[in-house]
Amino acid sequence: MTDRRLAALALALALLAPNAKAQTPTRCALDTTAAWYRKQQAWVDDSKRDWSNDSLRTLLVRAAGLDANPALGGNALLGYEVVGAVPHAPSAIDSAALATLRELAKSRASTWPTKSVVGAAGVRAVWVLAGRDSALAPTILHRMMEAGPEESPPAAVAILEDRVRLKNGRKQIYGTQLVRGANGSVEIAPVEDPKHVDLRRDAAGLPPLELSLCAARRDSAG
């Protein structure tokens, strides 16, 4: 095994060790020239305004709260979620939007809110809403996967897949789901094949695991 592979393996094992102490990351800076960042930003570009269902887009965006802060729809996904965060308080518009998604999920028609139908912000809103209904989340994940990477953002799909897998008692694939250890530190929930987790993250347009952990620990400490 080469020195490079040994170093990568050592890093993976250190990051995934259940009792590992939280380390102070050396770098948390967001590199906007990185391939993963550029990939995400290219996907969320709505400048062409070529979606087909403006009313559905409006409903979803409002329910997700992206209308109040449109910039959120274009923010880079840093590739982590802390399990057990305070849940969002449901509202009437949440219920309406989720009911609409349930109805759309029953049909194979092209009206499912993909990028062509509701634009990038509309799809981000669907992803946000998936976090508010754990029963509906697996269905949303399936439809997003079915639509493919041109219609559903790979980074968001990866995070949602990890979330659903962990909820079902399975190991995650991309290492996006973090839990708090006994001492309050942020740790990675169990991951399948940890040696290759960064390869899978790169393919999905997510930042390296080290950067995500760095951001999570910085935000947690703040």
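The values are calculated or read from the model by the stated rules, or taken from the named source; none is laboratory data. These numbers were taken from a predicted model, which means no experiment stands behind them. Counting neighbours? That spans all protein chains shown, and the Cβs are built from the backbone with ideal geometry, glycine included.
Of all residues in segment 94-129, those satisfying the criterion of being part of a loop (DSSP other than H, G, I, E, B) and surrounded by 20 or more Cβ atoms within 10 Å (Cβ to Cβ) are TRP112, PRO113, THR114. Could you go through segment 174-197 and let me know if any residue there is in contact with a Pro (Cβ under 7 Å, 6 or more places away or on another chain) and modelled with pLDDT of 95 or more. Within segment 174-197, not a single residue is in contact with a Pro (Cβ under 7 Å, 6 or more places away or on another chain) and modelled with pLDDT of 95 or more.
Tally up the residues in segment 105-120 that are of a type in the set (A, V, I, L, M, F, W, C) and over 22 Å from the mean Cα position of the chain (by Cα), please. Residues that pass the stated criteria total 1.
Looking at ARG132, is it part of a loop (DSSP other than H, G, I, E, B) and over 16 Å from GLY73 (Cβ atoms)? First the steps, then the outcome.
Details: part of a loop (DSSP other than H, G, I, E, B): yes; over 16 Å from GLY73 (Cβ atoms): yes.
Yes: the conditions hold for ARG132.
Residue count for segment 38-61 under the criterion of being assigned to a helix (DSSP H, G or I), aliphatic (A, V, I, L, M) and in contact (Cβ under 8 Å) with a residue 12 or more places away in the chain: the result is 4. Among the candidates ALA76, ALA92, the residue that is within 30 Å of GLY181 (Cα to Cα) and at pLDDT below 95 is uniquely ALA76.
For segment 136-210, the helices (runs of 4 or more DSSP H) that sit wholly inside it and include 2 or more residues that are surrounded by fewer than 17 Cβ atoms within 10 Å (Cβ to Cβ) and not basic (Lys, Arg) are 137-147, 197-204.
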